[in-house]
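K.L.:
My questions will all concern the structure given below.
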Amino acid sequence: QAQRGLRQGHRYLAEKKYDLAMQEIKRAVAGNPKDPLGHLLLGVAQYWSGAVDESIASYQAALALDPGNAQGHLLLGISHAWQGDASAAEAEFHRAVELDPARADAQMNLGSIRETFGDYPGALERFRLAVDLEKRNPLYRFQLGSLYRKLGRDADALEQFREAVKIESSYEDAMLEMGCAQERL
C-alpha cells in the first residue's frame with residue numbers, strides 16, 4: 001500500500017498537484033517510515049506547496065536513513081538556499097558533489113552559491129563543470145553565459161547564450177541576453 005501511495009504521489013507531483021501529492025505521500029510515509037524515498041518525495045511536495053521548513057525536516061529524515069544519498073543533500077541545499085541560508089546550502093551542495101561528482105545539477109547549484117559569495121573563479125569552475133557534464137542543458141549554458149557577462153567576457157557569454165537558444169529555441173531570457181551581448185560587442 002505504501003509503495004502504491006508513493007507512485008500515486010509521484011504522479012501528482014508530475015502533474016503539479018502538490019497538495020494531493022503531499023496527502024498521498026504522507027500516508028505512504030506513515031505506512032513505511034523507514035523508506036528514505038518516501039521522505040524525499042514528501043519533502044519535494046512540501047517544498048512546492050510552500051512548506052519549506054517542513055521540507056527540510058523531511059529531507060533530514062531521509063538523510064538519517066540514507067546519509068549517502070546525493071539527491072537528498074541536493075534537495076536539502078535547495079531548501080536552505082530558498083530560505084536564504086547560503087552557508088547551509090553550500091554545505092549540502094558540497095556533500096552532494098562529494099557523493100556524486102557527475103551530477104551537473106549539484107555542480108550548477110554549488111556554482112550559484114559560490115557566485116552569491118562573490119567567488120567568481122569558483123562559480124566559473126562549477127558552471128563549466130555542469131556544462132561539460134550536460135552539454136545539452138540550456139540552463140547550465142545560460143548560467144555560464146550570465147557569469148561571463150558579469151565578468152565582462154561578452155564574446156564568451158554570447159557563445160553560451162547562442163548554445164542555450166540552439167538547445168531550446170523558445171528560451172526568452174537567453175535570447176534577450178544574446179541580443180544584449182551582441183549589441184555590446
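The values are calculated or read from the model by the stated rules, or taken from the named source; none is laboratory data. Source: prediction; values computed, not measured. Neighbour counts run over all protein chains shown; Cβ positions are idealised from the backbone, glycine included. Remember, those area values only see protein heavy atoms, side chains included, never the ligands or the DNA or RNA. Shrake-Rupley method; radii C 1.70, N 1.55, O 1.52, S 1.80 Å.
K.L.:
Name the residues in region 109-124 that are within 12 Å of Leu147 (Cα to Cα) and part of a helix (DSSP H, G or I), would you?
P.N.:
First pass over region 109-124, keeping only residues within 12 Å of Leu147 (Cα to Cα): 111-112, 114-116, 118-124.
Of everything in region 109-124, those that are within 12 Å of Leu147 (Cα to Cα) and part of a helix (DSSP H, G or I) turn out to be Gly111, Ser112, Arg114, Glu115, Thr116, Tyr120, Pro121, Gly122, Ala123, Leu124.
K.L.:
Report yes if some residue within region 159-176 is in a loop (DSSP other than H, G, I, E, B), crowded, with 19+ Cβ neighbours inside 10 Å and of a type outside the set (Asp, Glu); otherwise report no.
P.N.:
If we filter region 159-176 for residues that are in a loop (DSSP other than H, G, I, E, B), which is where we start, we get 168-171.
Now restrict to residues that are crowded, with 19+ Cβ neighbours inside 10 Å: 171.
Remaining after also requiring of a type outside the set (Asp, Glu): 171.
So far as region 159-176 goes, yes, one or more of its residues are in a loop (DSSP other than H, G, I, E, B), crowded, with 19+ Cβ neighbours inside 10 Å and of a type outside the set (Asp, Glu).
K.L.:
Do we find a residue being open to solvent by 30 Å² or more (accessible area, probe 1.4 Å), of a type in the set (S, T, N, Q) and at pLDDT 95 or above anywhere in region 143-153?
P.N.:
Our first condition is that a residue be open to solvent by 30 Å² or more (accessible area, probe 1.4 Å); within region 143-153, this holds for 143, 149-153.
Now narrow it down to the ones that are of a type in the set (S, T, N, Q): 143.
Still in the running and at pLDDT 95 or above: 143.
So far as region 143-153 goes, yes, one or more of its residues are open to solvent by 30 Å² or more (accessible area, probe 1.4 Å), of a type in the set (S, T, N, Q) and at pLDDT 95 or above.
K.L.:
Okay, next question. Pairs only if they're at least six apart or on different chains, beta carbon under 8 angstrom, first in region 94-105 and within 13 Å of Gly68 (Cα to Cα), second open to solvent by 60 Å² or more (accessible area, probe 1.4 Å) and not aliphatic (A, V, I, L, M); list them, first residue then second.
P.N.:
Ala96/Gln71
K.L.:
List pairs: first residue in region 19-38 and closer than 22 Å to His73 by Cβ and of a type in the set (D, E, K, R), second residue surrounded by 15 or more Cβ atoms within 10 Å (Cβ to Cβ) and at pLDDT 95 or above anywhere in the structure, Cβ distance under 7 angstrom, at least six positions apart or on different chains.
P.N.:
As it stands, the answer is Lys34/Leu65, since those pairs meet every condition given.
K.L.:
Tyr59: at pLDDT 95 or above, of a type in the set (Ser, Thr, Tyr), open to solvent by less than 20 Å² (accessible area, probe 1.4 Å) and part of a helix (DSSP H, G or I), yes or no?
P.N.:
Details: at pLDDT 95 or above: yes; of a type in the set (Ser, Thr, Tyr): yes; open to solvent by less than 20 Å² (accessible area, probe 1.4 Å): yes; part of a helix (DSSP H, G or I): yes.
Yes, satisfied.
K.L.:
Restricting attention to region 11-35, report how many residues are under 19 Å from the mean Cα position of the chain (by Cα), open to solvent by less than 50 Å² (accessible area, probe 1.4 Å) and charged (D, E, K, R).
P.N.:
Final tally of qualifying residues: 0.
K.L.:
Among the listed residues Leu139, Leu129, identify the single one that is part of a helix (DSSP H, G or I), open to solvent by 40 Å² or more (accessible area, probe 1.4 Å) and closer than 26 Å to Ile56 by Cα.
P.N.:
Working: Leu129 fails: closer than 26 Å to Ile56 by Cα.
On inspection, the qualifying residue turns out to be Leu139.
K.L.:
Would you mind stating whether Pro101 is open to solvent by 30 Å² or more (accessible area, probe 1.4 Å) and closer than 30 Å to Gln60 by Cα?
P.N.:
Judged against the criteria, Pro101 is a match.
K.L.:
Does region 36-52 include one or more residues that are open to solvent by 20 Å² or more (accessible area, probe 1.4 Å), under 25 Å from Leu147 (Cβ atoms) and assigned to a loop (DSSP other than H, G, I, E, B)?
P.N.:
So far as region 36-52 goes, no, none of its residues is open to solvent by 20 Å² or more (accessible area, probe 1.4 Å), under 25 Å from Leu147 (Cβ atoms) and assigned to a loop (DSSP other than H, G, I, E, B).
K.L.:
Of Ala81, Ala88, Ala106, which residue is of a type in the set (A, V, I, L, M), open to solvent by less than 10 Å² (accessible area, probe 1.4 Å) and either assigned to a helix (DSSP H, G or I) or farther than 30 Å from Pro33 by Cα (or both)? So that I can check it myself, show each step before the final result.
P.N.:
Details: Ala81 fails: open to solvent by less than 10 Å² (accessible area, probe 1.4 Å); Ala88 fails: open to solvent by less than 10 Å² (accessible area, probe 1.4 Å).
Testing whether each residue is of a type in the set (A, V, I, L, M), open to solvent by less than 10 Å² (accessible area, probe 1.4 Å) and either assigned to a helix (DSSP H, G or I) or farther than 30 Å from Pro33 by Cα (or both) leaves just Ala106.
K.L.:
Out of (1) under 22 Å from Gln3 (Cα atoms); (2) without any contact (Cβ under 8 Å) to a residue 24 or more places away in the chain; (3) polar (S, T, N, Q), the odd one out for Ser87 is which?
P.N.:
Unmet condition: (1).
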